[in-house]
Amino acid sequence: MIKKLVLVFIALFAIQSYGQDGTASPYSFYGIGSLKFKGSVENRSMGGLGVYKDSIHINFQNPATFTGNNLTSFNNESRPVKFTVGGSFTSTSLKTETSSDKAQSSTFNYLALSVPVGKFGFGFGLLPYTSVGYELETLDSEGRVDFRYFGDGGVNKAFFSLGYQINNALSIGVEMDYDFGNIRNNTINIVFNDSGEPLDYFTAENNRSDISGLNFNLGLHYQKMINSKLEFQGSVTYAPEAELTSRNQRIIFTDNGTEESNIEVDLAASNLEETKLTLPSKFSFGAGLGEPRKWFAGVEYVSQNTSEFFNPFYGNVGATFEDASKLSIGGFYIPEYNSFSKYWKRATYRAGLRFENTGLNINNQSIKEFGMSFGVGLPVGNVFSNANIGLELGQRGTTNANLVKENFISFQLSLSLNDRWFQKRKYD
């Protein structure tokens, strides 16, 4: 196990040292940033599908899947402890009606551990919740850049999940999340002289929000053989509405060419020094059929009351929010899981599609997203561990109403490492 942990930390260091931009989407300007996918590379490679549960992968999307006893455990005396880490790299092409550009971003996706204890199972870990990363410009009536907008940061999520196996088919779970992080937004106003040349002086507004709070996620999972080969799996989750606390700061910086000044705005006078952000409730349900250790196919629908979101510190800045939704379709296939002579027959091949309304509406245009994903799980070491590679091709937004269309390619990598910590010894 020590060698595996060393390998994990080497991989984590490599991912973090490559960069932590998180996103390069101009749509992260709104709200508290672009929502990050809450799930593993295995889930994302199946279109974001979070229905499936087995004994060697961690499913972050439903806390009921953390239970220590399930139908696919290798035996009742030895259940693997699961450890996983993942990261991704995304290349994005941005296009408007008049111009185009390219951007790249990389991010650490998650780090988690799951431990079975009889009919119980618990897990904990860290993953990003939202990400901010944009550089935008606006033009005046003469076609000159008059405002520049920069933003970075995001909100992270530390979670603790507890699941309980009610019987061989049904499990329940609860997850507690601590959300924390900060978001920085900067606006620079460029001043021109009568001949159209930019002057040496300008005004900048620098905003920072430090965000923290708790929220919960409840889950049910059902898993049962319906005949000698076919297995049914069903999943339901519900996250009630929650509030985050945002502690805000605003500084106005001016430079007139000879003198600079920094003025901190008294936000307490306008009740903006500390504000509350409402996290909308979220509901998901899904189901699928498959043959254990051979194949699985499923569908899942997610809805979120995003129309209830509002950020008092920034307002909605020209955007409105509507209820969000997502439809995921996906599955996997394993040619021969116990093949000793053919390595690629033991690999897991995944694919999926997702159709998403992000809940963001700008200039009366709903910002939608589509993704087509593929992946492969490669056995590493013993039968419990694997490396997972995922690829997603997708599109976000539109060029209508002076907006931006994003075409992106995302490459993901994770290690899912397992060991049998609670195996009973036959000899002392």
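The values are calculated or read from the model by the stated rules, or taken from the named source; none is laboratory data. Note that the coordinates shown come from a computational prediction; the quantities given were computed from them, not determined experimentally. For neighbour counting, all protein chains shown are included, and Cβ atoms are generated from backbone atoms with ideal geometry for every residue, glycine included. Only protein heavy atoms, including side chains, enter the accessible area calculation; ligands, DNA and RNA are left aside. Shrake-Rupley method; radii C 1.70, N 1.55, O 1.52, S 1.80 Å.
Can you tell me which residue is surrounded by the most Cβ atoms within 10 Å (Cβ to Cβ) among those in segment 331-356 that are within 18 Å of the chain's Cα centre (by Cα) and not basic (Lys, Arg)? Quick ask: steps written out before the conclusion?
Kept after step one, since they are within 18 Å of the chain's Cα centre (by Cα), are these residues of segment 331-356: 352-356.
Right, trim to not basic (Lys, Arg) and you get 352-353, 355-356.
Values: GLY352: 27, LEU353: 16, PHE355: 14, GLU356: 20.
Top of the filtered list is GLY352.
So, in segment 220-249, of the ones that are charged (D, E, K, R) and assigned to a strand (DSSP E or B), which residue ends up farthest from SER161 (Cα to Cα)?
In the first step, residues of segment 220-249 are kept if they are charged (D, E, K, R); the result is 224, 229, 231, 241, 243, 247.
Subsequent filtering for residues that are assigned to a strand (DSSP E or B) retains 224, 231, 243, 247.
Working: LYS224: 23, GLU231: 25, GLU243: 20, ARG247: 28 Å.
Ranking the qualifying residues of segment 220-249, first place goes to ARG247.
If I filter segment 75-91 for residues that are of a type in the set (Ser, Thr, Tyr), modelled with pLDDT of 90 or more, buried (at least 21 other Cβ atoms within 10 Å of the Cβ) and out of contact with any Leu (no Cβ under 9 Å at 6 or more places or on another chain), do I get at least one hit? Before the answer, list the steps.
At the first step, the residues of segment 75-91 found to be of a type in the set (Ser, Thr, Tyr) are 78, 84, 88, 90-91.
Checking the rest, the ones that are also modelled with pLDDT of 90 or more come to 84, 88, 90-91.
Next, from what is left, pick out any that are buried (at least 21 other Cβ atoms within 10 Å of the Cβ): 84, 88, 90.
Narrowing the set further to residues that are out of contact with any Leu (no Cβ under 9 Å at 6 or more places or on another chain) leaves 90.
Within segment 75-91 (the criterion being of a type in the set (Ser, Thr, Tyr), modelled with pLDDT of 90 or more, buried (at least 21 other Cβ atoms within 10 Å of the Cβ) and out of contact with any Leu (no Cβ under 9 Å at 6 or more places or on another chain)), the answer is yes, since at least one residue qualifies.
Does segment 158-186 hold any residues that are of a type in the set (Gly, Ala, Ser) and either exposed (fewer than 14 other Cβ atoms within 10 Å of the Cβ) or in a strand (DSSP E or B) (or both), and which are they?
Residues satisfying the conditions are ALA158, SER161, GLY163, SER171, GLY173, GLY181.
Filter segment 135-145 down to the residues that are closer than 20 Å to TYR314 by Cβ and surrounded by 13 or more Cβ atoms within 10 Å (Cβ to Cβ) and list them by number.
If the condition is that a residue be closer than 20 Å to TYR314 by Cβ and surrounded by 13 or more Cβ atoms within 10 Å (Cβ to Cβ), then GLU135, LEU136 are the ones that fit.
Please determine whether any residue of segment 310-325 is in contact (Cβ under 8 Å) with a residue 24 or more places away in the chain and more than 26 Å from PRO240 (Cβ to Cβ).
Yes: one or more hits.
Out of all the residues in segment 317-332, is one or more under 30 Å from LEU272 (Cα atoms) and among the aromatic types (Phe, Trp, Tyr)?
yes
Yes/no per residue for (1) modelled with pLDDT under 95; (2) of a type in the set (S, T, N, Q); (3) surrounded by 13 or more Cβ atoms within 10 Å (Cβ to Cβ):
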{"residue": "GLY213", "(1), (2), (3)": "no, no, yes"}
{"residue": "GLY219", "(1), (2), (3)": "no, no, yes"}
{"residue": "GLY234", "(1), (2), (3)": "no, no, yes"}
{"residue": "ALA239", "(1), (2), (3)": "no, no, yes"}
{"residue": "ILE252", "(1), (2), (3)": "yes, no, yes"}
{"residue": "GLU259", "(1), (2), (3)": "yes, no, no"}
{"residue": "ASN262", "(1), (2), (3)": "yes, yes, no"}
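Quick one: count up the residues across segment 265-295 that are closer than 30 Å to THR348 by Cβ and open to solvent by less than 30 Å² (accessible area, probe 1.4 Å).
Here is the first cut: in segment 265-295, the ones closer than 30 Å to THR348 by Cβ are 282-295.
Keeping just the survivors that are open to solvent by less than 30 Å² (accessible area, probe 1.4 Å) gives 284, 286, 288, 290.
Count: 4.
Report, by residue number, each residue of segment 158-180 that is within 11 Å of TYR222 (Cβ to Cβ) and in contact with a strand residue (DSSP E or B) (Cβ under 8 Å, 6 or more places away or on another chain). Give the steps one after another, and end with the answer.
Going residue by residue through segment 158-180, those that are within 11 Å of TYR222 (Cβ to Cβ) are 166-172.
Hits for segment 158-180 are ILE166, ASN168, ALA169, LEU170, SER171, ILE172.
Going by the structure shown, is GLY397 surrounded by 15 or more Cβ atoms within 10 Å (Cβ to Cβ), farther than 23 Å from PHE332 by Cβ and either at pLDDT 90 or above or in contact with a strand residue (DSSP E or B) (Cβ under 7 Å, 6 or more places away or on another chain) (or both)?
Yes: the conditions hold for GLY397.
When you check VAL155 against the structure, is it part of a strand (DSSP E or B), touching an Asp or Glu at 6+ places or on another chain (Cβ under 9 Å) and among the aliphatic types (A, V, I, L, M), yes or no?
Yes: the conditions hold for VAL155.
What is the number of the single condition among (1) open to solvent by 30 Å² or more (accessible area, probe 1.4 Å); (2) free of Cβ contacts under 8 Å to residues at least 24 places away in the same chain that GLN365 does not meet?
(2)
How about segment 227-266: which of its residues are free of Cβ contacts under 8 Å to residues at least 40 places away in the same chain and among the hydrophobic types (A, V, I, L, M, F, W, C)?
The answer is ALA242, ILE263, VAL265.
Within segment 138-157, count every residue that is more than 28 Å from the chain's Cα centre (by Cα) and of a type outside the set (D, E, K, R).
The total comes to 6.
If a residue has to be of a type in the set (D, E, K, R) and in a loop (DSSP other than H, G, I, E, B) to count, how many in segment 303-334 make the cut?
2
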